[in-house]
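The block underneath contains the structure these notes are about, expressed in structure tokens.
The values are calculated or read from the model by the stated rules, or taken from the named source; none is laboratory data. Fair warning: this is a prediction, and the values are worked out from it, not measured in the lab. Because the Cβ atoms are built from the backbone with ideal geometry, glycine has one as well, and the counts that use them run over all protein chains shown.
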Amino acid sequence: MASLDPHNDGLEFPNGFSGEDPIEVAMARNYFLIPAYNEAENLGYLLPNIRRYMEAFHYPYEIVVVDDGSSDGTAAVVDEHREVHGIPAEVIVHATNKGPGGAFETGFRAILERAEADDRIVTIEADNTSDLCVLNRMLMRSDRGFDLVLASVYGGGRIIGAPRSRLLLSSVANSMMKVAFNMPQINTFSSFFRVHRAGMIQAAFDLHGDDFISEPGFVCAVEMLIKLHRMGATIAEVPMLLDSNIRIGDSKMKIARTVRAYLRVIARHGVQGGL
Ligand SMILES: Nc1nc2c(ncn2[C@@H]2O[C@H](COP(=O)(O)OP(=O)(O)O)[C@@H](O)[C@H]2O)c(=O)[nH]1
Ligand SMILES: [Mg+2]
């Protein structure tokens, strides 16, 4: 007989598990990894927002910001929120800019030094456009055994407040990648907002070494996704509304450079090319 189960929100489990048996949900730690380039102002909102959210759910958490050669005091904002406001946040500083790929590599490696295999690494944008409202659904899916959970602006989600040119580029790129990488079940390839099982990221570094993230730019998100998929990672998506108006300042993405990088990654890893 069906009964009301607060742990069952109707979302599916990977590997066909029915969800009817009781499940043990260990109190995994949640490590936030935030790549940041000149995000002092935005982090002043994001760090307290993360604290409010995680404390409301009684989730244990730590925040690691990778400041990638910023010149606007990004690192100082993180230090202030730790020292003055008691938010468990640390900052790792790159003296020179290495791009988001370099920041993810640094941050993942630092977190893996202390994380257990079933802990979670939440990658999130610094500019407040990663909507924390959907994080709980993402964490619940992670709890149920998905190695990787993507916040998805396609397949149920939406983007508002971005220029038309950017919207067109993003939707064409994401549709092309479904075909190029033979991953029809994935709708959003490029988002940074993801929940990873730490053990999966460790396995990716064990297998690929420094090549796990070889792309320094924004396309590193695509590279990581296809490598994890090909390793057999179980992947789920949670729809998200991305409202670009929320961010203070402009996007740091250079469109021409990013298009070239996408084409390079498709040529290298697409089913016609890399396999
Ligand atoms: N570490 C690092 N992070 C970056 C760099 N460029 C952008 N980011 C971060 O990556 C995230 C996404 O960048 P954003 O400008 O919001 O791009 P958009 O969301 O694609 O328009 C933000 O957290 C940025 O601070 C960079 O060169 N290095
Ligand atoms: Mg952004």
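Listed by first and then second residue, the pairs linking a residue in the range 228-253 that is in contact (Cβ under 8 Å) with a residue 24 or more places away in the chain to a residue that is within 10 Å of ligand 2 (Cβ to nearest atom) and small (Gly, Ala, Ser), with Cβ atoms under 7 Å apart and 6 or more places separating them unless they lie on different chains, are Ser244/Ala162.
Among all positions in the range 236-255, there is at least one residue which is away from ligand 1 (no atom under 11 Å from the Cβ), under 28 Å from Ala40 (Cα atoms), at pLDDT 90 or above and touching a Cys at 6+ places or on another chain (Cβ under 9 Å). A search for C-beta distances below 6 Å between a residue of the range 109-133 that is within 15 Å of Ile159 (Cα to Cα) and β-branched (Val, Ile, Thr) and any residue that is in a loop (DSSP other than H, G, I, E, B) and within 14 Å of ligand 2 (Cβ to nearest atom), counting only pairs 6+ apart in sequence or on different chains, returns Thr129/Arg247.
Taking (1) assigned to a strand (DSSP E or B); (2) more than 16 Å from ligand 2 (Cβ to nearest atom) in turn, Ala76 satisfies each apart from (1). Here Ala180 does not qualify as away from ligand 1 (no atom under 16 Å from the Cβ), closer than 21 Å to Pro14 by Cα and either surrounded by 15 or more Cβ atoms within 10 Å (Cβ to Cβ) or not charged (D, E, K, R) (or both). Within the range 139-169, the set of residues being crowded, with 20+ Cβ neighbours inside 10 Å and over 30 Å from Pro60 (Cβ atoms) comprises just one member, Tyr154.
When every residue of the range 149-164 is checked against the conditions, none turns out to be in a helix (DSSP H, G or I) and not basic (Lys, Arg). Just so you know, in the range 198-229 the residues that are part of a loop (DSSP other than H, G, I, E, B) and away from ligand 2 (no atom under 16 Å from the Cβ) include one that is nearest to Ile266 (Cα to Cα), and it is Glu215. From the list Gly101, Gly86, pick out the single residue that is within 20 Å of Leu132 (Cβ to Cβ) and not in a strand (DSSP E or B). Sole residue among the options that is within 20 Å of Leu132 (Cβ to Cβ) and not in a strand (DSSP E or B): Gly86.
Quick check on my filter: what residues within the range 34-46 are surrounded by fewer than 24 Cβ atoms within 10 Å (Cβ to Cβ) and more than 8 Å from ligand 1 (Cβ to nearest atom)?
Within the range 34-46, Ala40, Glu41, Gly44, Tyr45 qualify.
So for the range 150-169 (the condition being away from ligand 2 (no atom under 16 Å from the Cβ) and either modelled with pLDDT of 95 or more or in contact with a His (Cβ under 7 Å, 6 or more places away or on another chain) (or both)), does at least one residue qualify? Checked the range 150-169: no residue is away from ligand 2 (no atom under 16 Å from the Cβ) and either modelled with pLDDT of 95 or more or in contact with a His (Cβ under 7 Å, 6 or more places away or on another chain) (or both).
Remark: Val66 matches the filter, which requires a residue to be within 11 Å of ligand 1 (Cβ to nearest atom), among the β-branched types (Val, Ile, Thr) and either closer than 26 Å to Met138 by Cα or modelled with pLDDT of 95 or more (or both).
Table: residues versus (1) under 14 Å from Glu237 (Cα atoms); (2) touching a helix residue (DSSP H, G or I) at 6+ places or on another chain (Cβ under 7 Å).
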| site | (1), (2) |
| --- | --- |
| Asp119 | no, yes |
| Asp127 | no, yes |
| Val134 | yes, no |
| Leu139 | yes, no |
| Ser142 | yes, no |
| Leu148 | yes, yes |
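Looking at Tyr31, Tyr59, Tyr53, just one residue is assigned to a loop (DSSP other than H, G, I, E, B), closer than 23 Å to His196 by Cα and either aromatic (Phe, Trp, Tyr) or modelled with pLDDT of 95 or more (or both), and that residue is Tyr59. On the stretch given as the range 82-121, residues that are basic (Lys, Arg), within 19 Å of Asp72 (Cβ to Cβ) and within 16 Å of ligand 1 (Cβ to nearest atom) total 1. I'd like to check something: does the range 174-197 contain any residue that is of a type outside the set (Val, Ile, Thr), more than 30 Å from Met27 (Cβ to Cβ), assigned to a helix (DSSP H, G or I) and within 16 Å of ligand 2 (Cβ to nearest atom)? Yes, some residue in the range 174-197 is of a type outside the set (Val, Ile, Thr), more than 30 Å from Met27 (Cβ to Cβ), assigned to a helix (DSSP H, G or I) and within 16 Å of ligand 2 (Cβ to nearest atom).
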